[in-house]
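None of the figures in this text is laboratory data; all of them are computed from the coordinates on show. None of the values given here were measured: they were computed from a predicted structure. With ideal geometry, Cβ positions are generated from the backbone for all residues, glycine too; neighbour counts draw on all protein chains shown.
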There are 6 protein chains.
Amino acid sequence: MLGACEQHGYLSLLTDAKIPLALADAASQQTNTLVAPPVNFGASPYFLAYPGTLSLRLNTFVDLVEDLVRSAYGQGFRRFLFLNGHGGNDSARVRLYELANQLPGMHLAWYAWWASHSVEIIAQKYELKPSHGNWLEAFTFTQVVELPDEGKVPPPVRGLLSAEEARHVYGDGSFGGPYKADKAILDEVFAACLSDILQLLQFE
Amino acid sequence: MLGACEQHGYLSLLTDAKIPLALADAASQQTNTLVAPPVNFGASPYFLAYPGTLSLRLNTFVDLVEDLVRSAYGQGFRRFLFLNGHGGNDSARVRLYELANQLPGMHLAWYAWWASHSVEIIAQKYELKPSHGNWLEAFTFTQVVELPDEGKVPPPVRGLLSAEEARHVYGDGSFGGPYKADKAILDEVFAACLSDILQLLQFE
Amino acid sequence: MLGACEQHGYLSLLTDAKIPLALADAASQQTNTLVAPPVNFGASPYFLAYPGTLSLRLNTFVDLVEDLVRSAYGQGFRRFLFLNGHGGNDSARVRLYELANQLPGMHLAWYAWWASHSVEIIAQKYELKPSHGNWLEAFTFTQVVELPDEGKVPPPVRGLLSAEEARHVYGDGSFGGPYKADKAILDEVFAACLSDILQLLQFE
Amino acid sequence: MLGACEQHGYLSLLTDAKIPLALADAASQQTNTLVAPPVNFGASPYFLAYPGTLSLRLNTFVDLVEDLVRSAYGQGFRRFLFLNGHGGNDSARVRLYELANQLPGMHLAWYAWWASHSVEIIAQKYELKPSHGNWLEAFTFTQVVELPDEGKVPPPVRGLLSAEEARHVYGDGSFGGPYKADKAILDEVFAACLSDILQLLQFE
Amino acid sequence: MLGACEQHGYLSLLTDAKIPLALADAASQQTNTLVAPPVNFGASPYFLAYPGTLSLRLNTFVDLVEDLVRSAYGQGFRRFLFLNGHGGNDSARVRLYELANQLPGMHLAWYAWWASHSVEIIAQKYELKPSHGNWLEAFTFTQVVELPDEGKVPPPVRGLLSAEEARHVYGDGSFGGPYKADKAILDEVFAACLSDILQLLQFE
Amino acid sequence: MLGACEQHGYLSLLTDAKIPLALADAASQQTNTLVAPPVNFGASPYFLAYPGTLSLRLNTFVDLVEDLVRSAYGQGFRRFLFLNGHGGNDSARVRLYELANQLPGMHLAWYAWWASHSVEIIAQKYELKPSHGNWLEAFTFTQVVELPDEGKVPPPVRGLLSAEEARHVYGDGSFGGPYKADKAILDEVFAACLSDILQLLQFE
């Protein structure tokens, strides 16, 4: 549902929209839950020096999320599960808390698949560290070019970088680690996240 | 590029995103112009009483457009053609004029296919009046259910209706006229709009 | 009611405020409808390079319109007819639709005299094309200097111009066509618009 | 230049716009200074329960002032004298200070005629206390109905009243004191304020 | 409660927060009124060229005040006394009036100690003129360095200065007059203001 | 530097301001770094049903952070370390990234002490789980009442709760776990965080 259009190294600019959309579609097929059209843009100010990154300002993004919630709430929808694909979008959670105080009877859930406990367990099992633009996001449907065989040493970063600095430091855009993993591992990730989502959709 | 998620009678909720996207893809194939991910939401406050209409506030929508322009401008893009599919989005033009005063060297064009001179001529030729949710938007790729054979008498409307009033007045959501037209006519419409777009893409 | 302070070639900077005000006063005399003080400023970013054009940002303008409506609504007013004199102000319609969803029992109407069907018919009758700063706005009460006898060839414009470009392209500020018309024609225009307004004031 | 449309007891709703406009016109005749169209609305939330008071939100009003300054600054204007007629508009001063930090070479002055030292002296001389909607604002050009002969005892007010409370407390809208004064005194006030303005227009 | 972090000549940067806080604490001890945490920042755009001045934009400051009021109102608080220490914060009064129209049953009072009638009387008694950064604010708890013995001639200022101009004109930051006064006078000031506050806290 | 005024179970309402302030003061003593006045309010919409929680809207809070940065940047400051004490404030990081793109040469660092790797290690060493309002925040200077001896079973929470729901679910306000820990452990936490901060202050 909530994605971003930003650089992901060798992966699609829409990686952060495609993954939650794939999860949403899979969950919808099993539960008939309605899937809203994807929000193709998120808040990615730190990647603006990479061509193709289209970033919304913090305010614009959270206003957009609010407008979607209010539109559907006004029509009687009461249960919203946000499938977020992009870390910079997390601020919307604060706005959702504000809305929860204003719109009675609403059930809100938020799922950031890459930061889920499920993913953490799988990553530990295979001794793979998840990071931006590395193996964890390299699904078949997010790959657009051939991925390097050799992994990348994560550059040391302290403090908050400007977009120019970030491009200088990260080069190809990946935050480091292996660029790819066995399809079986990614299938396991996908299945685990889907399972999380199906449970959240019960809103209990 | 700019669409909306709103009721269109018997047509897809994403009609206003799908048509400009189809035009953009066709133009891109001929010219290799980059197509930005679609903005799936527009400003449709008057349709909010129809379930499925997700409307952005005026400010949110124009801020979003501004953010996309500024993101790409910062990366060196200078030519932007906005393919708009929804009348409520027209206000973004004022914001674009404001941006044109701030970002030197930018070339901006805006194309509202349904309001183009080309469409007007075709409509007159076949004596079909274009309107929201009628034949003009009934492309094969926007149809989701069977369309009625009989047209609809346009309800008389004066003044600005609230969403509740609009749903009461418009019923099935179409503004009236025939619900469908020969595929050949819609192909002619599509081709004429595509031709307009290709000309605009020359930015001369 | 809604005007603008912007260049109009050889006409008054307040042309867009004076015409709707004149219409409002005439309508008020016949109906005793209250006329709010004029909003002397509108959204005219494209004319900012012409000295004397004072333009409000899109947001400022629509916020202002909202504030006026809310002020009067809070005092019990329920019927509002907006007489708009300036194309850049049209975005306020979207805000008015938003307000219509929030303030029950309100009747809103909007009249853009220059774009009315009545004006279109008169223009066709006399084979005069209406445009910014040409004969259509050249009432006796908007003229401040002598008008040229010769008309102007409309400069070709495609895309959205910045204020600097607009001044370069439009020169004296008129969009082209004859600078003046017989007083009888303008009287006819005024009478037709007044008639439209009187009908709208019935709010039926 | 900056006024308001709000209740003034027995005086015109546009009292706060008319007085500075009269002063501006008088000053303009002596100095050829350009007078911008009046801002007919100010921030008067406390009078919203009086029909006819049209109040802008604080933000809307200061944004409007900013837009006017930026429009004229962009065209080369550098000296701005704000003739304010309404106490609720004073917040715009803070925004003007912000603008002074952003727009180099600008000279800004602000004149609130009713709070001037000149008015204070005249009021003391005649032992008349200035207040909202009393003699001080009762110029011939702001009177719309006959004024009461008897003055009014100012109601005691502590704290900030809501609009409903304010209407309850103030009744006819005047804050108390005599409703009128000799025309000679008001002429003296006008002349003293005009003299202040002429001095401020030297921007020294 | 409402302060500022801005230059005060030889006094603490937090002078405008410390004084109302001291008054609030003293009043609280006598009445058990709750004292909210101090707002350490205000709107001081004109002092931004003095290092250490941290100024909020007008909008940010009034939004902050609104948020605090709404937070407490939502929990059942109905009486708010704002002890303001900084002139630039006065615009919040307009926002408070707006809130008073929206939140029924609220009692709002505002106290700007330095501009109170009590201070005016004491200042006249001792023939000391109050001004920014002079004796009136030189309490023992706001002094951070030794104060000059000699007073300062107030520089003549007309119009609204930018921050750069203000620093140039005001030099050490004081607006002029004696830098200090007898502790007994300041005690008298403090006691008079405290007495005002205790009376306001009765909300009658 | 950045705190909050919100419920913390048995701890001070200002817990989230006091801890980073204590850390800042300690770091300042060792390095002479300037410490800005604390921001006593943060974004805590989910605790608004607990009396005493004063929460800023997301926008207000991030605007405030922006204003402080811009104020100091304008005076030549280039290195900013934000010591955050409250999870709801994290959104300000996105705004800081936006600012990093606009203000060249700035070095920004952000430290959320409770979420630091140092704290994580200490917590694991003593087998204590950190959570809102439990032992981790129970420093001597944040305690205001006696703490319970028995810990609390963390209530299960899925989804985003409204403030009313949160108060119902969390009762005393703590998220669960032991309410206190040995002073030695908290000293260790403080020392470890201080060490982190001293390293970040080198901005390398």
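Just a few scattered comments:
- Karplus-derived HN-Hα couplings along the stretch E:191-204 (A = 6.51, B = -1.76, C = 1.60, θ = phi - 60°), whole Hz, x at Gly and Pro: 5, 5, 5, 4, 4, 4, 5, 4, 5, 4, 5, 7, 6, 10
- With contributions of -39500 (n - 2.57) from each DSSP H run of at least four residues, the per-residue ellipticity at 222 nm computed over the protein assembly as shown stands at -12500 deg cm²/dmol.
- Fraction of beta bridges assigned by DSSP in the protein assembly as shown that are antiparallel (%, nearest 5): 35 percent
- Label 7 Å beyond Cα on the Cβ vector: E:Q143 copy-to-copy distances, nm: 3.9, 5.8, 7.6, 7.6, 9.0
- The value of relative contact order for chain B, using C-alpha pairs under 8 Å at least six residues apart, is 27 percent.
- Chain A: most fluctuating residue of A:S116, A:S12, A:S174 per GNM, C-alpha cutoff 10 Å: A:S116
- The largest-to-smallest principal axis extents of the Cα set in the protein assembly as shown are 93, 92, 47 Å.
- Using distinct alpha-carbon pairs, which all enter the 1/r mean, Kirkwood radius of the stretch B:96-156 in Å: 14.8 Å
- The dipole here belongs to chain E: it is taken about the Cα centre, uses +1 on the Cβ of Lys and Arg and -1 on the Cβ of Asp and Glu, and is about 380 debye.
- What separates the B:Q30 label point from its copies, with the point 7 Å along Cα to Cβ, is 4.6, 5.0, 6.8, 6.8, 8.3 nm, written shortest first.
- Residue mean of other protein chain beta carbons inside 10 Å, D:38-51: 5
- Averaged over the residues of B:97-108, the number of partner chain Cβ atoms lying within 10 Å of the residue Cβ comes to 6.
- Dipole axis of the stretch C:1-125 (+1 Lys, Arg; -1 Asp, Glu on Cβ), positive-most option in C:Q30, C:T53, C:Q7: C:Q30
- Residues D:W135, C:W110 in ascending order of nearby Cβ atoms (within 10 Å, fewest first): C:W110, D:W135.
- Across all directions, the average flat footprint of the convex hull enclosing the Cα atoms of chain B is 11.6 nm².
- Taking θ as phi - 60° and the Karplus parameters 6.51, -1.76 and 1.60, the scalar couplings of the stretch E:37-48 work out to x, x, 8, 7, 10, x, 9, 9, x, 6, 10, 5 Hz in sequence order, x denoting glycine and proline.
- For chain B, the longest principal axis of the Cα atoms and the long axis of helix B:92-102 meet at an angle of about 10 degrees.
- Proxy reagent accessibility, fewest Cβ within 10 Å first, across F:E98, E:E127: E:E127, F:E98
- Inter-chain Cβ neighbour average for residues E:156-168, partner chain, 10 Å: 5
- Residue of chain B with the smallest Cβ distance to the axis mapping B onto D, distance rounded to whole Å: B:N59, 7.
- Ordering D:T142, B:T15, A:T140 by the number of other Cβ atoms within 10 Å of each residue's own Cβ, fewest first, gives A:T140, D:T142, B:T15.
- Given +1 at the Cβ of Lys and Arg, -1 at the Cβ of Asp and Glu and no other charges, the dipole of the stretch A:51-120 around its Cα centre is 160 debye to the nearest 20.
- In nanometres and ascending order, the distances from the A:P154 label point to those of the other copies are 2.2, 6.1, 6.1, 6.1, 6.8 (point 7 Å from Cα along Cα→Cβ).
- Estimated dipole of the protein assembly as shown in Debye, rounded to 20 [Cβ of Lys and Arg +1, of Asp and Glu -1, Cα centre]: 0 debye
- The alpha-carbon of C:K152 sits under 14 angstrom from the alpha-carbons of these aspartates and glutamates, leaving out residues fewer than 8 places away in its chain: C:D172.
- Inter-label distance, nm, simple model (7 Å from Cα along the C-beta direction), C:V169/B:V145: 4.4 nm
- Residue with peak Gaussian network fluctuation, chain E [Cα springs, cutoff 10 Å], from E:P130, E:P155, E:P20: E:P155
- Summary of the geometry: the stretch A:59-86 and the stretch F:95-139, compared by the centres of their Cα atoms, lie 29 Å apart.
- Charge-dipole axis of the stretch D:120-204 as Lys and Arg at +1 and Asp and Glu at -1 on Cβ define it, positive-most pick from D:G176, D:A138, D:L201: D:G176
- Here's how it looks for D:S116: its modeled amide H is under 5 Å from none belonging to a residue 5 or more places away or on a different chain.
- Local net charge near E:P104, Cβ-Cβ under 11 Å (Lys/Arg +1, Asp/Glu -1): -1
- 15 Å beta-carbon shell around C:L147, net charge (K/R +1, D/E -1): -3
- For B:A138, net neighbour charge (Lys/Arg +1, Asp/Glu -1) across residues whose Cβ lies under 15 Å away: -4
- Taking θ as phi - 60° and the Karplus parameters 6.51, -1.76 and 1.60, the scalar couplings of the stretch C:147-155 work out to 8, x, 6, 7, x, 10, 6, x, x Hz in sequence order, x denoting glycine and proline.
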